[in-house]
Every structure is written in structure tokens, then in C-alpha cells.
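Notes to accompany the following structure.
Each reported figure results from applying straightforward, stated rules to the coordinates on display, with no laboratory input. Source: prediction; values computed, not measured. Reconstructed Cβ throughout: ideal geometry from the backbone, glycine too, with neighbour counts over all protein chains shown.
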Amino acid sequence: MAGGDPALRARQFNVEFRVADATASPYLALALVVQAGLDGIRHERQIEDENPRLLPGSLEQALQLLEACEPAAEWLGVDLLSAYLKFKRAEINGLENLDESEICRRYAEVY
């Protein structure tokens, strides 16, 4: 063990940064991660490690969580958040009733 030496203790940890998948805007995703971190520091938020919430299982579920996140409008601005939600919901509507291979083909073309 590293004992009390902070530099040695820090070397025991590995941080992997996976903010989003390939379809995400890296600039928008990184901006939100930084804002969430700053919000956590400013409001001294604690990480709930005993009962972590499951990640959303669909894009619509993720959009609902984003829409319900009170600081999101402050971080992004009301207009950008509204436009983003409309755009992503239009994406969901455009993929309705398509089979999985067609959805994958369309995403492969775009991204």
C-alpha cells in the first residue's frame, strides 16, 4: 500500500473517461460533464454509491432525464436545450417502425 503519500496513493487508481458514444457531439458532451462536475463541487453533492440508478435504456428515456434535470437549461440555455430535445425526438420518430439492420445502416451513414 502507498500509505500516507498522496502521490503514491494516486497511482493506484485508473480513471477511464467515456462520456458518450460515437453519435454524441464530443463538445456538447464534454461541456455537460464539466458543468456537472462544477455543479457537484459548488453544491457539495455526494455520489450515491449504495443505490446507484440504472442508466437509461433508450434515447427517449435519456431525453426525459435530461429534460427533468433542473440545471440543464441553465447549463445549455433554454433555446439550445429545447432545440436539442426537438432534434433528438425527431430522430427517434424517423427511426420508428424500422428494423434493427436499417437503423444501423442509417446511423452508419450519418455517423
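Per DSSP helix of 4 or more residues, -39500 (n - 2.57); summed, then divided by the residues of the chain. What does that give at 222 nm, rounded to the nearest 500?
-18500 deg cm²/dmol
Quick one: putting +1 on the C-beta of Lys and Arg, -1 on the C-beta of Asp and Glu, what dipole do you get for the chain around its Cα centre, in Debye to the nearest 20?
320
Name the residues of the range 82-111 whose amide N is less than 12 Å from a point 7 angstrom out from the Cα of SER25 along the C-beta direction?
Under cut-off, by backbone N: 82-88.
With angles folded into 0 to 90 degrees, how steeply does helix 78-95 sit against the dominant principal axis of the chain? Use alpha carbons for both and round to 10.
60
Report the gain in length on full extension from ALA68 to ILE47: 0.36 nm times residue separation, minus Cα-Cα distance, nm rounded to one decimal.
Full extension of this stretch gives 5.7 nm more.
Report, to the nearest 10°, how far helix 59-68 tilts away from the longest principal axis of the Cα atoms in the chain, using its own Cα long axis and a range of 0 to 90°.
Around 60 degrees separate the two axes.
Which label belongs to the value computed from this structure, given these candidates for mean projected area of the Cα convex hull in nm²: [x] 10.3; [y] 6.7; [z] 5.8?
From the options [x] 10.3; [y] 6.7; [z] 5.8, the structure gives [x].
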